[in-house]
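Below is one structure, written out as structure tokens, with a few remarks after it.
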Amino acid sequence: MDFWTVRGGKKLYGSCRIQGSKNASLPILAASVLACGETELDCVPRLRDIDAALRILRHLGCRAEQDGNSLYIDARGLVHSCIPEDLMHEMRSSVIFMGALLARCGEARLSPPGGCRLGKRPIDLHLKALRQLGAEVEERGGEILCRAEKLRGTVIRLPFPSVGATENTMLAASAAEGETVIEGAAREPEIEALQDYLNAMGCRVCGAGTGRIVIEPRGPRGSVRFRIQPDRIAAATLACACAAAGGEIELLDAEPAHFSTVLHFLKEAGCDIITKQCCLTVRSDGRLRAVGTITTEPYPGFPTDAQPVLMAALLRAEGVTRIRETIFENRFRQVPELRKLGAEIRLEGQTAEIRGVAHLTGAELEATDLRGGAAMLVAGLTAEGETRVRDEGHIARGYERFDRVLSALGAEVRRTDS
Ligand code: EPZ
């Protein structure tokens, strides 16, 4: 159990380097089982979810070593195509091993994945796409069994641009006979990262970043060294933290274009944002104004992952902000906790109405999920007195040394575990 203690009222100043992207690293770690040689990954964040992916790789028989933010994987010794339930339950991304194992071994045996409880989170789109590629998929007694003598390329139309279903389909299709076209694909930057990794490995994939991805039949060939892109949600979280607390921070190694919708609302709220190619400066006097209506959408729309942290930044903004959540049914779990600080938030279905208050007061909170937990820390930075967040380990799943990052910017944040 982690306990985060935040003493509010400090402005943030200084510069910090943005961690590598969790959600780009995880599918690439699954994809590394396809490599015919070694994989070296740079800028991989040290996180609980990354540890979970490494445990899966080792269980499968791969060598997986971590040295700071570099990872070395050798999947040539892979001997299993089955992932036990306890490893599957550790995170959502374990499901991406399904497409990767199917491509590598012609079979995969696993159970439904874990991850943040944000709603139902079915995997029907993943399974349907794998079946269309020619896999037999059976769901039996809590297990999913996939088998394919031969995967055949085809046109797959996703009715919703699911990030995970797009990734699983890309991986399985990389071993298919003939070309696969994914229409209605997710367009997130993490999909482009997966495409770039597969291509660096010798596959031929194009179109990522658009709704139409084409995977040509050419399997992986050699070793690969690859650098993970900056984490757009970690960057958005720090930008929201500075907006709320006030101050001036510089985010280095960030990719502002990847979270421009978040920056747009921070500007609307009254922050100065200066973007350069790989860094940006956020300046705020800590007195924000409400921004009207925010609607979460698939990329390039406003990201659901940044919704809780932007909500936290706007709790003291003058006026009323409405947030409409359209991606997950249950992504307002932070709201009852934020109310304990004195926030005025009204929930009606999938819309939250935030009426800015003059003061927040520190309280004892419980982290509900990864981004909800981060939102509580952001709110704590602006609350009078001490906020303590009890956390089963959600925040460390996605933020690398978050206490140190915030402290280096001048915040009073401590993390203790028990
Ligand atoms: C990815 O999850 C991210 N996780 C999530 O980040 C992110 O919130 C989400 O994309 C949306 O941007 C990783 O990349 C590891 P989806 P994923 O499939 O792939 C429904 C974070 O905080 N759906 O695009 O699980 C689903 O229920 C995490 O870092 C189906 O109905 O997201 C949801 O409502 C949390 N059937 C919506 O689509 C399916 O088969 C979006 O899910 C698949 C999805």
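State which stretch of the chain is the longest one without any exposed trypsin sites (Lys or Arg not before Pro), exposure meaning a DSSP loop state and at most 15 other Cβ atoms within 10 Å.
288-400
To the nearest Å, what is the center-to-center distance of the stretch 33-56 and the stretch 240-276, using C-alpha atoms only?
When both Cα centres are located, 30 Å separates them.
Largest first and to the nearest Å, give the Cα extent of the stretch 98-151 along each principal axis.
Reported extents, whole Å, longest axis first: 35, 19, 18.
Give me the extension gain from D417 to D124: residue separation times 0.36 nm, minus the current Cα-Cα distance, reported in nm with one decimal.
101.7 nm
With charges set only on the Cβ (+1 for Lys and Arg, -1 for Asp and Glu), what does the dipole of the stretch 43-83 come to about its Cα centre, in debye to the nearest 20?
Using Cβ point charges on Lys, Arg, Asp and Glu, the stretch 43-83 gives about 100 debye.
Taking the Cβ of G292 as the center, what net charge do the other residues with Cβ under 12 Å away carry, scoring Lys and Arg +1 and Asp and Glu -1?
Once all neighbours under 12 Å are counted, the net charge is +1.
In straight Cα distance, which lysines are under 30 Å from K276, not counting same-chain residues fewer than 8 positions off?
Candidates past the 8-residue exclusion: K10, K11, K22, K267.
May I ask for the angle, rounded to the nearest 10°, between helix 163-173 and the longest principal axis of the chain, with both axes built from Cα atoms and the value confined to 0 to 90°?
Rounded to the nearest ten degrees, it is 20.
For the stretch 196-202, take each phi angle, set θ = phi - 60°, evaluate the Karplus expression 6.51 cos²θ - 1.76 cosθ + 1.60, and give the result in whole Hz per residue in order, putting x for glycine and proline.
Karplus values, whole Hz, x for Gly and Pro: 5, 5, 4, 5, 4, 7, x.
With +1 on each Lys and Arg Cβ and -1 on each Asp and Glu Cβ, and nothing else charged, work out how big the dipole of the chain is about its Cα centre, in Debye to the nearest 20. It would help to have the intermediate numbers written out before the result.
Details: 54 positive and 56 negative charges, 63 e Å.
It works out to roughly 300 debye.
Near the amide H of R17, under 5 Å away, which other amide H atoms are found, from residues 5 or more places off or on another chain, if H is placed in the peptide plane?
Answer set, sorted by chain and number: L252.
Using a/c under 1.5 as the rounded threshold, could you call the stretch 45-90 rounded, prolate or oblate? The axes a ≥ b ≥ c are square roots of the C-alpha gyration tensor eigenvalues, and prolate needs a/b larger than b/c, oblate otherwise.
oblate
Could you work out the helix-only [θ] at 222 nm for the chain, with each DSSP H run of four or more residues adding -39,500 (n - 2.57) and the total divided by the number of residues, to the nearest 500 deg cm²/dmol?
-8500 deg cm²/dmol
What are the extents of the Cα atoms of the stretch 224-360 along their three principal axes, listed from largest to smallest and rounded to whole Å?
48, 33, 23
Around R212, which amide H atoms from residues at least 5 apart in sequence, or from another chain, sit under 5 Å from its own amide H, with H modelled in the peptide plane?
A185
Taking amide H positions as placed in the peptide plane 1.01 Å from N, state which residues far from G286 in sequence (5 or more) or on other chains have amide H under 5 Å from it.
Result for G286 returns G246, G247.
Consider just the alpha-carbon atoms of the chain and return their Rg together with their Dmax, both in angstrom.
Values for the chain (Cα only, Rg and Dmax): 21.3, 64 Å.
Readers should treat all values here as calculations from the given coordinates under stated rules, not as data from a laboratory. It should be emphasised that the depicted structure is a prediction, and the values quoted were computed from it without experimental measurement. Positions of Cβ are generated from backbone atoms using ideal geometry, with glycine treated the same way; all protein chains shown enter the neighbour counts.
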